[in-house]
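Worksheet for the structure shown next.
The values are calculated or read from the model by the stated rules, or taken from the named source; none is laboratory data. Predicted model only: the values in this text are computed from it and were never measured. Here the Cβ positions follow ideal geometry from the backbone for every residue, glycine too, while neighbour counts run over all protein chains shown.
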Amino acid sequence: MSAVKLALKLAIALLLTPTLALAQQPDGSFSSPFRFGEPTGEAIYQNICAGCHMPDGRGATGAGAYPSLRQNPRLAATDYDIAIITRSQKAMPGFSRTLTERQIADVADYISKTFNTPLPESPK
Amino acid sequence: MQLQPESRRVTDQPQPSRRDLLSRIGAVAGSSAMYLAMTSLGLAAESQYSGPITLDGDPKGASVLILGAGIAGMVAALELRKAGYTVTVLDYNARPGGRTWTIHGGDTYTELGGETQDCRFAEGLYLNPGPWRIPYHHRGMLDYCKRLGVALEPFIQVNHNAYLHAKNAFDGKPQRYRTVQADFHGAVSDLLAKAVNADTLDHTVSKDDRESLLASLRSFGGLNADYTYKTGPTASARRGYDKPPGGGMGAEPTDSVVTSASDVLKSGLWRALAIAQDYDYQTTLFQPTGGMDMIARAFAREIGDLIRPNTKVTAIRQTNQNVTATWTDPTTGEHGTTTADWCLCTIPLSILSQIDINVAAPMQDAINAVPYAPGMKIGLQFKRRFWEQDDAIYGGISYTDLPITQIAYPNSDYLHDGPGVLLGAYPFGPYAYEFTALPPAERIRKAVEWGAQIHPQYKAEFEHGIAIGWHRVPGALGCYGQWSTEARDKHYKNLCALDGRILLAGEHASYIPAWQEGALLSALDAITRLHARVMSP
């Protein structure tokens, strides 16, 4: 085999070698530096979104604020949050390159089901 | 502390000096025109920075309200006051510096969401959660460090004895940077030399160039006289020895065994070799001795009296006459307004995009166009500097494909006994988001668990740590402005242009995002244009 053929073969082998290791965490987190591996809407929310919007969806306030997702009337329109998660909104990054369309739909569904209904503990 | 004499402007020269000429061009036409003029005068520089700026003429007490006391705000405050302006600075944090920040032992930090971390680092040990290195070509930052008396020491970017590590390479055993580089260069050179000698490249490489190419491959790759890379003294001189040369009886070296080309390529470890090739990471880099906050402290010595800390800006309104910022003090509940003739706003766009500000649509659209990147750093204190004592790693960075991404060793106090702090994680992208979403204690636990795969000493030596996720930093809400090419094309000029009486500055108003130099240069450019506007109304 010529050196060039060897080099080509190596290059092809490298391209075909899966560079993304299998998820090492049960919730799919920390599986790739390029894409999120979380399999469920809940895991996506808790492992990514909660960094800003907080695990219970209440948001946070410092010099600026992360809006609460709890009973947020804008989230009643399902397309609204899908559009924001995909494309970005002001300082919030978009996730079209790091989440699949399915993952985005799943997390939007999780947000609307979990936070956009009356709080169980809230007096109604 | 006063600035050193060489920084004082010279105004009494009978003939315009080259610098005077440049500053006039800068005042009238902005810094890009000045840069072009410098190039035509034979001063083509590695930096837009051309020495201390001169803001000539009397602004007649004109006032400037600066929002934000990071690098951009403090540079502007220093220079505008020197030029005769009345300056006030409002800042959200209790300390000056913004993202120029160091956490020391005894500091307490509460992130968004309410988790509080008490830093228990030993005396003199620290973590720079934000910027931590200054490349040699960031001439503005270096000049201000010099003028303000900030002591600098080398930041070690490349350490040939640090580790490169991948979960699925070499059975997960970390490799020395030195051996990966030697074997990668050797393998690539060996293969290319074979192609040349097989006449495969005859259409590409002329007969004249052929000998030079072979000679260069031998030099670059550490090849033998027959253009092969293989185990022996030539390769060992690059990659090191199984038993290094010594003195006296039995001192002869034993060669180390080279890795096959296939294994080197498959390992993927060569990816990390490219990092230090980038302009931003080339030798020499510096760090302030004692922590990056030495720069913030030095500025505060000069203009700290101008800063009102703990001040959250809630609205910025301009009229034809002036600009008024409305604010609250979250520590006291006090409310107030501050009015000035002009406003230089350096608040990160992550926050400014939420503030009521009456600028025209082009600037408002630009303010809304920039998402903020994640970033996360963890400092870990260990009982002893085992990386030095056991692994002979003095400063520099190990890279891994584990989520921690890198481990950076302290670049000072080498060979000291007692505890040491290293940077135990510094990921970007998905890993940074995922770390940030965890409670701080869990971030640290994971960093220790993953780091132990590279340094097994972690388990016995770890004491405590501190973890900063930038999306949870209350005064920043993100690490830096992550411009897309499309957004820059559409909005960047509108972000930088004067809107009535309001100008913006900061790393987000630069082509050097996330770097202090970008904030500094944007501030100097902004106040140069502002001053030109004030002097020629």
Task: Breaking point among (1) surrounded by fewer than 20 Cβ atoms within 10 Å (Cβ to Cβ); (2) without any contact (Cβ under 8 Å) to a residue 12 or more places away in the chain; (3) over 24 Å from the mean Cα position of the chain (by Cα), for B:Gln457 - done: (2)
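Yes/no per residue for (1) closer than 30 Å to B:Pro513 by Cβ; (2) in a helix (DSSP H, G or I); (3) of a type in the set (S, T, N, Q):
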position	(1), (2), (3)
B:Gly114	yes, no, no
B:Asp143	yes, yes, no
B:Val150	yes, no, no
B:Pro154	yes, no, no
B:Asn159	yes, no, yes
B:His185	no, yes, no
B:Leu192	no, yes, no
B:Arg210	no, yes, no
Open item on the list: Please verify whether B:Ala182 is over 18 Å from the mean Cα position of the chain (by Cα), surrounded by 19 or more Cβ atoms within 10 Å (Cβ to Cβ) and not assigned by TED's automatic domain parsing to the domain that holds B:Thr259, treating the condition exactly as stated.
Closed with: no
Task: Which listed residue is within 22 Å of the chain's Cα centre (by Cα), surrounded by fewer than 18 Cβ atoms within 10 Å (Cβ to Cβ) and away from chain A (no Cβ under 14 Å), from B:Asp417, B:Asp413 - done: B:Asp413
Open item on the list: Out of the helices (runs of 4 or more DSSP H) lying entirely within region A:40-100, which hold 1 or more residues that are more than 12 Å from chain B (Cβ to nearest Cβ)?
Closed with: A:41-44, A:78-87
Open item on the list: Condition check: within 14 Å of chain A (Cβ to nearest Cβ) and within 17 Å of B:His160 (Cα to Cα). Does B:Val264 satisfy that?
Closed with: yes
TODO: May I ask you to list the residues in region B:256-315 that are hydroxyl-bearing (Ser, Thr, Tyr) and outside any helix (DSSP H, G or I)?
DONE: B:Ser256, B:Thr259, B:Ser260, B:Thr283, B:Thr284, B:Thr289, B:Thr311, B:Thr314
Task: Residue ranges of helices (runs of 4 or more DSSP H) in region B:383-464 with at least 2 members of a type in the set (Lys, Arg) - done: B:440-451
- [ ] Check whether at least one residue in region B:273-289 is touching a helix residue (DSSP H, G or I) at 6+ places or on another chain (Cβ under 8 Å), within 28 Å of B:Pro474 (Cβ to Cβ) and in contact (Cβ under 8 Å) with a residue 12 or more places away in the chain, and report yes or no.
- [x] yes
Open item on the list: Where the second residue is assigned to a helix (DSSP H, G or I) and the first is within 8 Å of another protein chain (Cβ to nearest Cβ) and lies in region B:421-435, which pairs have Cβ atoms under 7 Å and are six or more apart or on separate chains?
Closed with: B:Pro427/B:Phe435; B:Tyr433/A:Ile48; B:Tyr433/A:Gly51; B:Glu434/A:Asn47; B:Glu434/A:Ile48
Task: Residue list for region B:383-415, filter: over 20 Å from B:Pro427 (Cβ atoms), touching a residue at least 40 places away in the same chain (Cβ under 8 Å) and in contact with a helix residue (DSSP H, G or I) (Cβ under 7 Å, 6 or more places away or on another chain) - done: B:Lys383, B:Arg384, B:Phe386, B:Ile393, B:Tyr394
TODO: Residues that are at pLDDT below 90: find the helices (runs of 4 or more DSSP H) completely inside region B:17-112 holding 2 or more of those.
DONE: B:18-29, B:31-40
Task: Pair list, Cβ < 9 Å and 6+ apart or interchain, from region B:52-69 residues that are free of Cβ contacts under 8 Å to residues at least 12 places away in the same chain to residues that are in a loop (DSSP other than H, G, I, E, B) and buried (at least 23 other Cβ atoms within 10 Å of the Cβ) - done: none
